[in-house]
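Asks: I'd like to ask you about the structure that follows.
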Amino acid sequence: MFYDDPKKHNLKHNPFKALVAPRPIAWVSSMDLDGVLNLAPYSFFNAVADQPPTIVFAPNGPRPGGGAKDTLANIEKTNEFVVNLCSWELRDAMNKSSAHVDPEVDEFELAGLTPAPSVHVKTPRVKEAPASLECRFVTRLRLPSTNPKIENNMVIGQVVGIHIDDAIIDDGMVDTAAYHPLARLGYMDYTAVDSTFEMLRPD
Ligand SMILES: Cc1cc2nc3c(=O)[nH]c(=O)nc-3n(C[C@H](O)[C@H](O)[C@H](O)COP(=O)(O)O)c2cc1C
């Protein structure tokens, strides 16, 4: 099959996100100027450079009732955030933190998670997360939108500090399968990494 108009794929649901899969989940903590904490998952997320380590994610609006999602609004005010990585074990807490709640609701509390201090940013990280990336806000790009009700954005962050749970380090290497990174597929589906294999480059 082939389609180019997203309204004409003739399938039950739009298949795009089921194709670009798995997508890792940025579990983004941020804070407003009064110190109210915010936490939300974003699966339009990836690493795009490693010198310096740089990530992108896409907080696409609006939030119910209008305006930017709390994550984006906070980041534009404070110029910082933390990307926490999510494991299979934390899947329910991650899902709870995606609820559309008012800006004054602290999703750490809502999801039963512990804020732990960061080193280079004021925004706390998720203590229970297997790893956390402290980020400085680099820029926000406004992306084209074909839906007048939706605003698409890309946030770029430079990673300025990395926390790793010692339990997932084995013989000087991060054992990725040991922390079962959770990833998003299409529809309501997820996967988690529980095995890896090695392949050497040809040169
Ligand atoms: C696994 C998962 C991935 C998500 N990925 C995105 C995403 O990439 N972009 C987005 O705008 N919303 C995404 N959402 C929805 C947001 O998490 C949700 O709108 C949340 O309430 C935003 O919170 P905030 O307003 O506190 O930033 C995702 C939700 C889940 C459960």
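The values are calculated or read from the model by the stated rules, or taken from the named source; none is laboratory data. Being a predicted model, the structure only gives us computed values, none of them experimental. When we count neighbours, we look across all protein chains shown, and the Cβ atoms used for this are built from the backbone with ideal geometry, even at glycine. Please note that ligands, DNA and RNA were not included when accessible areas were found on the heavy atoms of the full protein model with its side chains. Shrake-Rupley method; radii C 1.70, N 1.55, O 1.52, S 1.80 Å.
Asks: Anything in segment 108-135 that is of a type in the set (Gly, Ala, Ser) and either within 15 Å of Ala40 (Cβ to Cβ) or surrounded by 12 or more Cβ atoms within 10 Å (Cβ to Cβ) (or both)? List them, or say none.
Replies: Ala111, Ala116, Ser118, Ala129, Ala131, Ser132
Asks: Being of a type outside the set (A, V, I, L, M, F, W, C), loosely packed, with under 13 Cβ neighbours inside 10 Å and under 21 Å from Ala183 (Cα atoms), is that true of even one residue in segment 67-85?
Replies: Scanning segment 67-85, I find no residue that is of a type outside the set (A, V, I, L, M, F, W, C), loosely packed, with under 13 Cβ neighbours inside 10 Å and under 21 Å from Ala183 (Cα atoms), so the answer is no.
Asks: Still on this model: Residue by residue through segment 1-20, note down the ones that are within 15 Å of the ligand (Cβ to nearest atom), of a type outside the set (S, T, N, Q) and surrounded by fewer than 16 Cβ atoms within 10 Å (Cβ to Cβ).
Replies: Residues satisfying the conditions are Phe16, Ala18, Val20.
Asks: Taking Met31, is it open to solvent by less than 50 Å² (accessible area, probe 1.4 Å) and either over 12 Å from the mean Cα position of the chain (by Cα) or within 27 Å of Ile164 (Cα to Cα) (or both)?
Replies: Considered against the rule, which asks whether it is open to solvent by less than 50 Å² (accessible area, probe 1.4 Å) and either over 12 Å from the mean Cα position of the chain (by Cα) or within 27 Å of Ile164 (Cα to Cα) (or both), Met31 comes out as yes.
Asks: Among the residues of segment 80-93, write down those that are within 12 Å of the ligand (Cβ to nearest atom), within 15 Å of Pro24 (Cα to Cα) and either polar (S, T, N, Q) or without any contact (Cβ under 8 Å) to a residue 40 or more places away in the chain (or both).
Replies: Within segment 80-93, no residue meets the criteria.
Asks: Does Lys149 fit the bill of being under 27 Å from Gly66 (Cα atoms), more than 15 Å from the chain's Cα centre (by Cα) and either crowded, with 19+ Cβ neighbours inside 10 Å or touching a residue at least 12 places away in the same chain (Cβ under 8 Å) (or both)?
Replies: Criteria met by Lys149.
Asks: Going through segment 31-79 one residue at a time, which ones are part of a loop (DSSP other than H, G, I, E, B) and within 6 Å of the ligand (Cβ to nearest atom)?
Replies: Ser43, Phe44, Ala58, Pro59, Asn60, Arg63, Lys69
Asks: Return yes when Val105 is open to solvent by 40 Å² or more (accessible area, probe 1.4 Å), more than 18 Å from Ala26 (Cα to Cα) and more than 13 Å from the ligand (Cβ to nearest atom) and no when it is not.
Replies: no
Asks: So, in segment 174-203, exactly how many residues are within 26 Å of Pro15 (Cα to Cα) and surrounded by 11 or more Cβ atoms within 10 Å (Cβ to Cβ)?
Replies: Result for segment 174-203: 14.
Asks: Continuing with the same structure: Among all residue pairs at least 6 apart or on different chains, which show Cβ distances below 7 Å where the first residue, located in segment 62-76, is touching a residue at least 24 places away in the same chain (Cβ under 8 Å) and within 20 Å of Lys122 (Cα to Cα) and the second is among the acidic types (Asp, Glu) and more than 9 Å from the ligand (Cβ to nearest atom)?
Replies: These pairs meet every condition: Asn74/Asp32.
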